[in-house]
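Chemist: Just passing along the structure, written as structure tokens.
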Amino acid sequence: MKEQGLYDRVTSRIARLGARLGWNVRADRLFYWGRKSGLAILDQGLFSGANFLSNIVLARWLTSAEYGAFAVAFAVFLFLSGFHNALLLEPMSVLGPSRYFQKIEAYLSAQVRLHFTLTLPLALFLTLTGLFLQIRQDVPEMAGALLGSGLALPLILLPWTVRRMFYVLKRPKNAMITSVFYALFLGASLGGMHLYGLDSSFAALLSLGLASLLSSVLTGVGLLAQHGNDVSLSWWEILKAHWDYGKWIVAAAILGVASGQFQTLFLAGSLNLESAGMFRAMQNFMLPMAQAVTAIATLGLPALSYDYGRGDLRSLRRKGLFITLALTGGAIIYAIFLWIFALPIERLVYAGKYSTFAWMIPLLTLVPVFTAAATGPSLVLRTYRPQIHLIGGAVQAVVSLSTTILLVKIWGVGGAAISLVLTYLAVFVFTVYLYRIWCLSYEAKE
């Protein structure tokens, strides 16, 4: 009885506070989304935490050249994963809840076939590139890294697909379980690699692939077995719908190499693999917050798409604002923490191996701050105007290319860090500008 009374008082106060702010706040819905968001953050924390720790130990275990090769191969992998995101993950998050919600499980089962249809050609490209470099023997570290990336790419992206399927179903708990298995298997595989003296970028990427495969099979097989025989949905129709939605995002993915990954690739090409590895090592500290932002965005996009499908633009706008405020506040707190403790954290994590570049840690935390501030407006725009990806990608490309080439020549690795921050600042400003235009048109309709 006391607990129920406390709950009633809390919900009543939340409702009154929302009324003062002009928001129609229902406390039960707030608690519902708070619980879902908490599970999403925990899931992303486990998944990104496992990747974060793997990057930390690889930065310590591998030679500078090997870790630089790993960084370059992973940058190429992230670029290619943009096509996977454009033609599978993003359309699934939007079209699933809005167009296929009546047969959502059968629709999601078809995504696994689409996953391998997309990733196998990309994997073949990486594998052949690695074999070509292996034959030439110009950069042996790079050859092994690209070969490992090609063999592992379809497997590494599999838990991305499975976890997104669970988010579309609003089951972040299942996604979290996938991440738990992934973290356990990744720790075991990397530990075995180091124990037997097999430390290399090639072995590290295969370890990532093995952990991804095992975790995805353990949690995703039940969903596929239950709904995989439903033939009422045409796979080709789904593929066409994904292309119609994602073609703009594909173009943005092509430009994506010139935004988030160009700095790493340019450092490796203009300086050396060691410089690319140093830059990646400093980026590792911003990843936990960046992944938390991704988790909330992943959870929020289907909900916002549902509002848009119902024509509830008021709810769409309100949820976008709430997401922005919550994420930006968390990102700022995280940035302040790293600004204060950057040098001690570098010594703790890398044992002083990269202490010369520790000043970049707080600077790079501005990237998730700008990303968080742009997330709400970006989600609102993406629900009905996927062209935003192409326009935003063009802005990223122009800023990233110009600032990287100029600043790396002046400040080397530090210039790459400044370029990355400026790139995401430009995206934030541009996204808010487009969102403001949308708000004006929305207010005019009212």
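Chemist: Whether any residue in region 237-253 is modelled with pLDDT of 80 or more and outside any helix (DSSP H, G or I) is what I want to check.
Modeler: no
Chemist: Moving to a separate point now. Anything in region 185-198 that is in contact (Cβ under 8 Å) with a residue 24 or more places away in the chain, crowded, with 19+ Cβ neighbours inside 10 Å and either farther than 21 Å from Gln291 by Cα or over 20 Å from the mean Cα position of the chain (by Cα) (or both)? List them, or say none.
Modeler: Step one: filter region 185-198 for residues in contact (Cβ under 8 Å) with a residue 24 or more places away in the chain, giving 185-187, 190, 194.
Now narrow it down to the ones that are crowded, with 19+ Cβ neighbours inside 10 Å: 185-186, 190.
Hits for region 185-198 are Phe185, Leu190.
Chemist: Across region 118-132, what is the total count of residues that are over 15 Å from Val72 (Cβ atoms) and either touching a residue at least 60 places away in the same chain (Cβ under 8 Å) or aliphatic (A, V, I, L, M) (or both)?
Modeler: 7
Chemist: Take the residues of region 113-140 that are within 25 Å of the chain's Cα centre (by Cα) and among the aliphatic types (A, V, I, L, M): which is farthest from Leu273 (Cα to Cα)?
Modeler: Leu114
Chemist: A further question on this structure: Considering Phe52, Phe83, Phe70, Phe116, which residue is buried (at least 22 other Cβ atoms within 10 Å of the Cβ), assigned by TED's automatic domain parsing to the domain that holds Ser216 and either of a type in the set (A, V, I, L, M) or part of a helix (DSSP H, G or I) (or both)? So that I can check it myself, show each step before the final result.
Modeler: Numbers: Phe52 fails: buried (at least 22 other Cβ atoms within 10 Å of the Cβ); Phe83 fails: buried (at least 22 other Cβ atoms within 10 Å of the Cβ); Phe116 fails: buried (at least 22 other Cβ atoms within 10 Å of the Cβ).
Result: Phe70 is the single residue among Phe52, Phe83, Phe70, Phe116 that is buried (at least 22 other Cβ atoms within 10 Å of the Cβ), assigned by TED's automatic domain parsing to the domain that holds Ser216 and either of a type in the set (A, V, I, L, M) or part of a helix (DSSP H, G or I) (or both).
Chemist: May I pose another question? Evaluate region 177-184: report whether one residue or more is surrounded by fewer than 19 Cβ atoms within 10 Å (Cβ to Cβ) and of a type in the set (Gly, Ala, Ser).
Modeler: no
Chemist: Can you pull out the residues in region 184-211 that are closer than 28 Å to Val139 by Cα and small (Gly, Ala, Ser)?
Modeler: Ser189, Gly191, Gly192, Gly197, Ser200, Ser201, Ala203, Ala204, Ser207, Gly209, Ala211
Chemist: Considering every residue within region 201-209, establish whether at least one is within 20 Å of Leu88 (Cα to Cα) and not small (Gly, Ala, Ser).
Modeler: No: zero hits.
Chemist: Got a sec? Which of Val94, Val139 is outside the structural domain of Ile296 (by TED's automatic domain parsing), within 27 Å of Ser215 (Cβ to Cβ) and of a type in the set (Val, Ile, Thr)?
Modeler: Every option except Val94 fails the conditions.
Chemist: Has region 356-378 got any residue that is at pLDDT 90 or above, polar (S, T, N, Q), surrounded by 19 or more Cβ atoms within 10 Å (Cβ to Cβ) and within 19 Å of Arg317 (Cα to Cα)?
Modeler: yes
Chemist: Moving on to the next point. Between residues in region 323-345 that are surrounded by 14 or more Cβ atoms within 10 Å (Cβ to Cβ) and residues that are outside any helix (DSSP H, G or I) and of a type in the set (Val, Ile, Thr), which pairs lie under 7 Å by C-beta distance while being six or more apart or on different chains?
Modeler: The qualifying pairs are Tyr334/Thr365; Ala335/Thr365; Leu338/Thr365.
Chemist: When you go through Leu147, Leu153 one by one, which is the residue that is crowded, with 23+ Cβ neighbours inside 10 Å and under 18 Å from Leu214 (Cα atoms)? I'd like the intermediate steps shown before the answer.
Modeler: Working: Leu147 fails: under 18 Å from Leu214 (Cα atoms).
The unique qualifying residue is Leu153.
Chemist: Would you confirm, using the coordinates I've provided, whether Ala106 is surrounded by fewer than 23 Cβ atoms within 10 Å (Cβ to Cβ) and either under 29 Å from Asn55 (Cα atoms) or small (Gly, Ala, Ser) (or both)?
Modeler: yes
Chemist: Would a scan of region 263-284 turn up a residue that is within 17 Å of the chain's Cα centre (by Cα), modelled with pLDDT under 85, closer than 17 Å to Phe74 by Cα and crowded, with 21+ Cβ neighbours inside 10 Å?
Modeler: No: region 263-284 contains no residue that is within 17 Å of the chain's Cα centre (by Cα), modelled with pLDDT under 85, closer than 17 Å to Phe74 by Cα and crowded, with 21+ Cβ neighbours inside 10 Å.
Chemist: If you don't mind, there's one more thing I want to ask. Looking at Ser419, Ser402, Ser378, Ser355 in this structure, which one is over 30 Å from Lys247 (Cα atoms) and either out of contact with any Leu (no Cβ under 9 Å at 6 or more places or on another chain) or not aromatic (Phe, Trp, Tyr) (or both)?
Modeler: On inspection, the qualifying residue turns out to be Ser355.
Chemist: Looking at Leu95, is it of a type outside the set (Asp, Glu), modelled with pLDDT under 90 and farther than 24 Å from Glu346 by Cα?
Modeler: yes
The values are calculated or read from the model by the stated rules, or taken from the named source; none is laboratory data. Computed from a prediction, not measured in an experiment: that's the story for all the values here. Because the Cβ atoms are built from the backbone with ideal geometry, glycine has one as well, and the counts that use them run over all protein chains shown.
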